[in-house]
Amino acid sequence: MKKLITFILLIAHSSLGFANVTLDEKLNLLIASYPSLLSHVDPEYLYAKDGTKWLIDDKKVKNHKEKLVGADIQDTLEQIYPLENCATQADVNFDPGRIRSQSLLKFLFGDNKQQVGKNTQQIDWFGQKLAMTKNHGAAEALIRVQKELSQYPKLKMYLTPSAGTFNWRNISGTNRLSVHSFAAAIDLNTKYAAYWKWSSSKGKVTPYKNQYPSKIISIFEKHGFIWGGRWYHYDTMHFEFRPELIAIANAHKCSNEENKGDKN
């Protein structure tokens with residue numbers, strides 16, 4: 001699976017020379033991230049190998065809330081996850097990865113609690129046993145994260161006790177399943193966490209803050225996890241396995257660097 005992640009990153013780097021990552025490139029990186037299940041695209045649909053298909057763009061004009069509730073595939077890939085050294089306040093409603101196709105997630109990881117549970121693996125997270133999905137190399141990726149983070153003993157205080165991984169539940173205040181439902185997410189020590197709903201009132205998001213060191217964030221991102229601390233609706237203890245978004249982010253980063261070089 002480590003070779004697969006490397007292959008995905010190589011595909012991402014092939015986007016060099018483009019001013020922006022196109023939708024077609026994003027779709028190819030999505031397929032490359034889940035090659036055991038996803039197959040190809042045509043002008044309208046994303047296809048799985050068993051013939052299941054998803055409409056890429058429903059052509060509806062949607063605001064942010066409507067995208068959260070009824071995302072098509074294009075909506076899920078629209079906002080490019082930022083790979084940055086520092087943690088900063090995101091622009092209003094910039095939530096890359098928070099807009100998800102629940103239908104696609106169920107197909108990739110399991111349609112119900114029992115299906116997901118059958119495909120989990122127990123991970124030793126600094127002495128704590130956590131269940132992570134084996135699908136698409138997520139458990140292997142979390143093991144690599146743990147091994148790399150263990151080289152920095154001073155970071156352990158932020159990492160454990162983990163607030164959990166596998167938990168079939170809806171996102172607070174919604175009818176949408178959390179990525180924890182698919183055993184593809186981990187929450188770190190809540191003592192250092194900031195979550196927009198905890199301090200916000202009347203739907204207004206309060207100023208952003210973060211206490212987790214950048215080393216933790218960069219190691220998770222290196223192994224295919226996105227961080228909720230990069231969202232406008234921030235959730236700083238939350239990481240979820242979304243290798244397609246990291247691959248797209250790398251492609252976008254490389255294309256921008258190439259374009260900067262052309263101007264010199």
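We did not get these values from a lab; they are worked out from the coordinates using the rules stated. Values in this document were obtained by computation on a predicted structure and should not be read as measured data. Neighbour counts are summed over all protein chains in view; Cβ atoms, including those assigned to glycine, are modelled from backbone coordinates with ideal geometry.
Give me the percent relative contact order of the chain, please, defined on Cα pairs under 8 angstrom at least 6 residues apart. Contact order relative to length: 24 percent.
Name the most mobile residue of 191, 154, 53, meaning the one with the largest mean-square fluctuation, in a Gaussian network model of the chain with Cα contacts below 10 Å. So, out of 191, 154, 53, the one fluctuating most is 154. Compared with the alpha-carbon gap, the fully stretched path from residue 44 to residue 24 is longer by 6.1 nm at 0.36 nm per residue.
Going through the cross-link list 156/191; 65/204; 134/156; 59/204; 53/134; 65/209, which pairs have a Cα-Cα distance over 19 Å in this structure? Going by Cα-Cα distance, 134/156; 59/204; 53/134; 65/209 fall outside the 19 Å limit. Its residues counted as N, segment 2-263 yields a C-alpha radius of gyration over 2.2 N^0.38 Å of 0.97. Secondary-structure-derived ellipticity at 222 nm for the chain, considering helices only, amounts to -10500 deg cm²/dmol, per-run term -39500 (n - 2.57) for DSSP H runs with n ≥ 4. Ordered by the count of other Cβ atoms within 10 Å of each Cβ, fewest first, 140, 66, 148 give 66, 148, 140.
Cross-link reach is defined here as a Cα-Cα straight distance under 20 Å, omitting same-chain residues fewer than 8 places apart; for residue 154 the aspartates and glutamates meeting it are 124, 187, 221.
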